[in-house]
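**Student:** Please see the structure below; I have some questions.
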Amino acid sequence: MSRSLSDADWRRLDRAVDGRVRRPGGVGFGEASTPFNKRFAGITPRGVVSVANTEDVRRAIEWARDAGVDVVVRCGGHSYAGHSVNTGLVIDLSAMNTVSADGANGLVTVAGGARMAEVYAAIQPHEMAFALGNGALVGIAGLTLGGGCGATSHGLGLTADALVETTLVTADGQVLRCDADTNADLFRACRGGGGGNFGVNVSFTFQARPVTDCASYLLLWDRADAPKVFSSLQEIAREAPDEFAVRIGVSKAGESEGIVSAIGQHLGPAKELREILDPVLSLAQPIRMDLADRTFWEAKDDLLHETAEGAFAARTSIVTEPLPEEAIATMLSFVDRLPGSGNPDGGGAALFSWGGAINRVGATETAFAHRNALFLLSMDTSWAESDEPAVAEANLRWLADLGDAMSPYVSDGAFQNFIDPDLVDWRKAYYGVNYPRLKEIKERHDPDGVFTFAQSIGS
């Protein structure tokens, strides 16, 4: 329980940092404290410290410990469960956003508050990359710490797999450099152990690889073609080379009929991509087809995606074998019965191709345990802030029922980057065999639980 804080306490924090302390009602407070997922828009912190440097982070943690105030860390603010905001102190890293890239050795050093757009801008002139997310405003910290996957992960592995060093400020104010040889356990925990658990990561260094021209594609089919499209594309993905990636989706919004889509990238020529996709193209004629050779950067732009404003929820499962016909039928029937809402995003389900390079890292080599997956199954729904509570309740019930209905066909794993506040057995689902070791590391570096939130390690 935190003690009562006076204006003098907050002025003391303001004097201690080079950055800026923001309080409710003040300039910039809303921008620095509003969660991306408006499902959690009602959560208001007592204050935000927009830090300017590592020393600010250390002093903010020291102040919060003295004040007995809970701390969470905010980078892009895209936590699906709203964990980048709390009712205590938010440490906002957004001003710490520098990125440097060395084309000679492929090393990319990124400050903890940088977002995808800033990372891409730095690496593009050097024609090199590593697996990154598909949202320009997503923060590098949350992406990396949860594992991080994108359209190139089938060939390049996870974002966390490219990490070679990170620096973080721990709960006791230490600034620790971590790599495979120094603070190795903490380094391992930061590669898939989830954001905000072990300290404030103020810097990341990644090993990038040279890029080449490639091909990207968008295919759309009528809802009637969904069963055969899903079946065919699953087999294609299972047999495809590492260079190929696909997201197979079915979505519905409002009263419209559902639409089936396949979107992805191939780290090779369009001619090769067409040959890979020929089985499904021969089976079902798309109503729209955009498939072409592109530069790596053009393909990246094609695949960028930002969720519409509003509230949403997602449930994930790890798929180790192609979904059988009855599972596909179950999934499609649920999407047909989506309750609907005022959010234009609607809802649906999608299979992201995993495996490939992701699975060539051992389940215990990093904190990311999902190294036997063929697909990530992501199920989601959304509603508007203006919708009646009953609309949100109906959509959440639909999502829970869909997750239950699909459970016989999937493993018991879930994706920690798409963190789900309604998931009960999250310790096993997110971290599997790695959880006991992660808990031990947490207890060693944060014994007092300074960095604690729902579904934090050790909670």
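The values are calculated or read from the model by the stated rules, or taken from the named source; none is laboratory data. Quick caveat, the model's predicted, so the values are computed rather than measured. Cβ sites come from the backbone with ideal geometry, for glycine too, and all protein chains shown count toward neighbours.
**Student:** What's the number of the condition S317 fails, among (1) free of Cβ contacts under 8 Å to residues at least 12 places away in the same chain; (2) surrounded by 18 or more Cβ atoms within 10 Å (Cβ to Cβ)?
**Tutor:** It fails just one condition, (1).
**Student:** Just to be sure, is G147 touching a helix residue (DSSP H, G or I) at 6+ places or on another chain (Cβ under 8 Å) and either surrounded by 22 or more Cβ atoms within 10 Å (Cβ to Cβ) or assigned to a strand (DSSP E or B) (or both)? Show your work before the answer.
**Tutor:** Working: touching a helix residue (DSSP H, G or I) at 6+ places or on another chain (Cβ under 8 Å): yes; either surrounded by 22 or more Cβ atoms within 10 Å (Cβ to Cβ) or assigned to a strand (DSSP E or B) (or both): yes.
In short, yes.
**Student:** Among the residues of segment 219-238, which ones are assigned to a helix (DSSP H, G or I), among the hydrophobic types (A, V, I, L, M, F, W, C) and touching a Pro at 6+ places or on another chain (Cβ under 8 Å)?
**Tutor:** I236 - this is the single residue of segment 219-238 that is assigned to a helix (DSSP H, G or I), among the hydrophobic types (A, V, I, L, M, F, W, C) and touching a Pro at 6+ places or on another chain (Cβ under 8 Å).
**Student:** So in segment 420-438, with the set limited to residues that are over 24 Å from F312 (Cα atoms) and crowded, with 16+ Cβ neighbours inside 10 Å, which one is farthest from the chain's Cα centre (by Cα)?
**Tutor:** Step by step, filter segment 420-438, then rank; the result is R437.
**Student:** So R59 ticks every box in (1) closer than 30 Å to V164 by Cα; (2) within 23 Å of the chain's Cα centre (by Cα); (3) crowded, with 18+ Cβ neighbours inside 10 Å but one. Which box is left unticked?
**Tutor:** (2)
**Student:** If I filter segment 345-383 down to residues being over 24 Å from L399 (Cβ atoms) and touching a Cys at 6+ places or on another chain (Cβ under 8 Å), which single residue comes out as surrounded by the fewest Cβ atoms within 10 Å (Cβ to Cβ)?
**Tutor:** Checked segment 345-383; the qualifying residue surrounded by the fewest Cβ atoms within 10 Å (Cβ to Cβ) is I358.
**Student:** Moving to a separate point now. State whether one or more residues within segment 420-441 are closer than 16 Å to T320 by Cβ, part of a helix (DSSP H, G or I) and in contact (Cβ under 8 Å) with a residue 60 or more places away in the chain.
**Tutor:** Our first condition is that a residue be closer than 16 Å to T320 by Cβ; within segment 420-441, this holds for 428-429, 432-433.
Imposing the further condition that a residue be part of a helix (DSSP H, G or I) reduces the set to 428-429, 432-433.
Checking which are in contact (Cβ under 8 Å) with a residue 60 or more places away in the chain leaves us with 432-433.
Within segment 420-441 (the criterion being closer than 16 Å to T320 by Cβ, part of a helix (DSSP H, G or I) and in contact (Cβ under 8 Å) with a residue 60 or more places away in the chain), the answer is yes, since at least one residue qualifies.
**Student:** Name the residues in segment 68-96 that are in contact with a helix residue (DSSP H, G or I) (Cβ under 8 Å, 6 or more places away or on another chain), under 21 Å from R12 (Cβ atoms), surrounded by fewer than 21 Cβ atoms within 10 Å (Cβ to Cβ) and of a type outside the set (D, E, K, R), would you?
**Tutor:** G88
**Student:** Only one of (1) in a helix (DSSP H, G or I); (2) buried (at least 16 other Cβ atoms within 10 Å of the Cβ); (3) at pLDDT below 95 fails for G30. Which number is that?
**Tutor:** If we test G30 against (1) in a helix (DSSP H, G or I); (2) buried (at least 16 other Cβ atoms within 10 Å of the Cβ); (3) at pLDDT below 95, just (2) comes out false.
A quick yes/no check of all residues on (1) in contact with a helix residue (DSSP H, G or I) (Cβ under 7 Å, 6 or more places away or on another chain); (2) basic (K, R):
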| residue | (1), (2) |
| --- | --- |
| I140 | yes, no |
| V164 | no, no |
| D181 | no, no |
| N201 | yes, no |
| P210 | no, no |
| R223 | no, yes |
| F230 | yes, no |
| Q234 | no, no |
| E239 | no, no |
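**Student:** If you don't mind, there's one more thing I want to ask. Test R247 against the criterion of being surrounded by 15 or more Cβ atoms within 10 Å (Cβ to Cβ) and either at pLDDT 95 or above or in the same structural domain as K300 (by TED's automatic domain parsing) (or both), and give yes or no.
**Tutor:** Details: surrounded by 15 or more Cβ atoms within 10 Å (Cβ to Cβ): yes; either at pLDDT 95 or above or in the same structural domain as K300 (by TED's automatic domain parsing) (or both): yes.
When the stated conditions are applied, R247 passes them.
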